[in-house]
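Written out below as structure tokens is the structure these notes cover.
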Amino acid sequence: MPEEIKISFDLEPSERLKQEIETLNEKDTTGRRIGAFLLEQFKKDQPLSDAYRDRKVTLEDVVKYVVSMAEDWAKNVYGGSHDCFIDDEVVFGWVIHFIQDGDLPENRPTMEKIVILTEEEKEDAKAAALKRFEEEQYNELVTAEKAKKEAEEKRLKRLKDKEKKEREESGQMLLFDFDSED
């Protein structure tokens, strides 16, 4: 049975998180990636860091939540296959959601302070997330449509060039060849 390591919730979130990462098994790439992501986020997102501290969230809690969400995702989207791909943005979105709003397990240390968002703050966060999602989807659609259009234009140009070459080789001329400014 592994030795239980007591985490000090008095440490700054980044320092505590570094300790938690050090205690991970070397093969726990999920925990290490999530930990590295959070260390970067804490540098630029003080409310997230505060929520991690105030709610006494641990890296183990976050990883368990992400694994649970991934299993649900695999079951619902891929029919239970564990050989599915989930974008980092989705996983990291789960991480942030869990730290800010997720249900923490029952058998946890007593929390002294809980971060509670007002309804307005929750609505603002939802609106910002929805806007970001819509922009990403729109950009993907525009990029796909642009690529499709460019491919079609190239195909038509190749076809036109091929037809012109075939006419030139056969000696045929079209009435439109005199009007063309190619």
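Table for the structure above
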read-out	value
Restricting region 29-54 to residues that are out of contact with any helix residue (DSSP H, G or I) (no Cβ under 7 Å at 6 or more places or on another chain) and of a type in the set (D, E, K, R), the residue that is surrounded by the fewest Cβ atoms within 10 Å (Cβ to Cβ)	LYS44
Leading residue by the ranking (modelled with the lowest pLDDT) among those in region 1-20 that are in a helix (DSSP H, G or I) and either within 22 Å of ASP103 (Cα to Cα) or in contact with a Ser or Thr (Cβ under 6 Å, 6 or more places away or on another chain) (or both)	GLU20
From GLU60, GLU40, residue being in the same structural domain as LEU24 (by TED's automatic domain parsing), closer than 20 Å to ASP10 by Cβ and either out of contact with any Leu (no Cβ under 7 Å at 6 or more places or on another chain) or modelled with pLDDT of 90 or more (or both)	GLU60
Meets criteria (closer than 15 Å to PHE98 by Cβ and either in contact (Cβ under 8 Å) with a residue 60 or more places away in the chain or not assigned by TED's automatic domain parsing to the domain that holds GLY102 (or both)) for ASP45	no
Candidates GLY79, GLY35 - the one that is modelled with pLDDT under 80 and over 21 Å from GLU136 (Cβ atoms)	GLY79
Members of region 15-27 found to be under 23 Å from the mean Cα position of the chain (by Cα), surrounded by fewer than 16 Cβ atoms within 10 Å (Cβ to Cβ) and in contact (Cβ under 8 Å) with a residue 12 or more places away in the chain, listed by number	LYS18
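The values are calculated or read from the model by the stated rules, or taken from the named source; none is laboratory data. Predicted model, so just to flag it, every value in this text is computed and none were measured. Because the Cβ atoms are built from the backbone with ideal geometry, glycine has one as well, and the counts that use them run over all protein chains shown.
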